[in-house]
Each structure stands twice: as C-alpha cells, then as structure tokens.
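Single-structure report; data block below.
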Amino acid sequence: VTTAKIINDAVTKDKLLSHNYPAFEAILSADVYPADATNTKLSLDSEIFDTDGCYNNTGSTVTLNGISVPSYSFAPNVAGKYYILAQVLINPTASNNVARGICEILKNNNAIVTSDLASNTSSNFEFITPSVAIITELNGTSDYVHATGYSDNTSASNRFKGDGTIARTFFGAYRIGD
C-alpha cells in the first residue's frame with residue numbers, strides 16, 4: 001500500500017481491498033432446457049452479490065453505471081485485470097445421455113476460454129460439469145463478458161441444472177488489479 005492510497009493515518013479495509021471491486025456472482029435459479037448441440041447464453045438470473053451494480057441479470061440489454069450491458073453479462077465500470085469464472089451443470093432428463101459438454105466465457109461476444117468435455121466411448125455421461133476460469137483485462141467503459149453452455153445429448157431433453165439455494169450453474173468475476 002503506497003502513501004497515495006492512505007491519505008491519513010487510518011488503515012481501513014476499504015483502502016486495502018478496494019482493488020477487488022467491482023465483483024459479482026450469479027447462479028441459475030431454475031433448470032433451463034436448451035436446444036441440443038447449440039451454444040446457449042447462460043441465463044444466470046439470481047445474483048448472490050454484485051458490489052457495484054455491474055451485472056445484468058435480466059433477459060434484455062440495460063444501462064448500468066452509464067454502460068449498455070447485454071443480457072446476463074458483466075460490464076464493470078472500473079478498468080483492470082479481472083479473474084472470471086463459470087460452470088454449467090449439464091444433466092439431461094434421462095440417464096447416461098451426455099456425449100459432450102462445453103462451458104465458455106466470451107468477451108465482447110468472442111470466446112476467450114473454453115472447457116470441452118466429451119465421451120470417447122459408447123458409454124455417455126449421466127451428467128457433466130465443465131468449468132472455466134481466466135484472467136483478462138476489461139476497459140471499464142465498453143467491455144463485457146458472459147458465459148455460455150453447450151450440450152450434445154444422445155436422447156432425452158437437455159437440461160442445465162439450476163437451483164435457488166446452491167451454485168450448480170454459476171458465473172462470477174472480481175477485479176484483481178490495474
């Protein structure tokens with residue numbers, strides 16, 4: 001901590017930890033049934049926390065902190081490096097039907113990290129939980145990130161598991177520095 005960060009003699013939590021904000025975590029509050037073999041934006045509608053009001057947990061574009069934020073996206077209003085993570089729990093409505101599952105984080109609609117899990121045998125998975133994490137820079141004025149999921153299913157309906165009390169499918173980020 002430099003003297004520029006401490007204006008007076010009092011060392012406070014806010015002065016020491018302010019670099020970790022903005023931050024948020026959101027979860028999928030209920031099951032979602034996406035189309036088979038289709039990349040789908042995760043509709044993470046339940047905020048666990050959002051320190052600076054930078055996450056849009058709605059299905060349409062909104063303005064947050066003067067920034068136009070697409071649906072289910074995080075657009076921080078402070079530039080810096082961010083640690084971003086996401087997970088999708090893929091659990092079709094019938095057993096042993098997941099052949100492939102993908103979780104991605106996209107920055108300005110371009111994939112920046114992907115987890116791709118696939119069965120290479122005749123036996124498929126009952127469920128699969130791809131997860132991703134990355135550190136990337138966000139400019140604080142127009143950059144935004146969101147998460148997507150993909151499930152290739154041999155039969156039955158695809159399902160991304162949601163739950164109002166436990167993080168089965170989630171997305172989060174926090175600033176780690178300049």
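The values are calculated or read from the model by the stated rules, or taken from the named source; none is laboratory data. None of these values were measured; they are calculated from a predicted model. Quick note on the areas: whole protein, heavy atoms, side chains included, nothing else; ligands and nucleic acids left out. Shrake-Rupley method; radii C 1.70, N 1.55, O 1.52, S 1.80 Å.
Counting only helical runs of four or more DSSP H residues, what would the 222 nm mean residue ellipticity of the chain come to if each run contributes -39,500 (n - 2.57) and the total is spread over all its residues? Please list the in-between numbers first.
Working: 1 runs with 5 residues, N = 178.
Mean residue ellipticity at 222 nm (helix-derived): -500 deg cm²/dmol.
Mind jotting down the three principal axis lengths of the range 72-178 based on Cα atoms? Whole angstrom, largest first.
Largest to smallest, the principal-axis extents are 47, 30, 19 Å.
Quick one: pull the percent of accessible area on the chain belonging to carbon and sulfur, 1.4 Å probe, ligands and nucleic acids left out. The partial results should precede the final answer.
On the way: 4200 of 8570 Å².
Of the solvent-accessible surface of the chain, carbon and sulfur hold 49 percent.
More than 21 Å apart: what percent of Cα pairs in the range 48-128 qualify?
On the way: 1478 of 3240 pairs.
The answer is 46 percent, as a whole percent.
Just need the relative contact order of the chain here, percent rounded to a whole number, with Cα pairs under 8 Å and 6+ apart. Before the final figure, lay out each step's value.
Details: 486 pairs, mean separation 58.5, N = 178.
Relative contact order, the chain: 33 percent.
With the chain treated as a Gaussian network of Cα nodes joined by springs under 10 Å, which of Asn139, Asn91, Asn153 yields the largest mean-square fluctuation?
For the chain, modelled as a Gaussian network with Cα springs under 10 Å, the answer is Asn139.
Send over a whole-number figure in Å² for the accessible area per residue of the chain, probe 1.4 Å.
Accessible area per residue: 48 Å².
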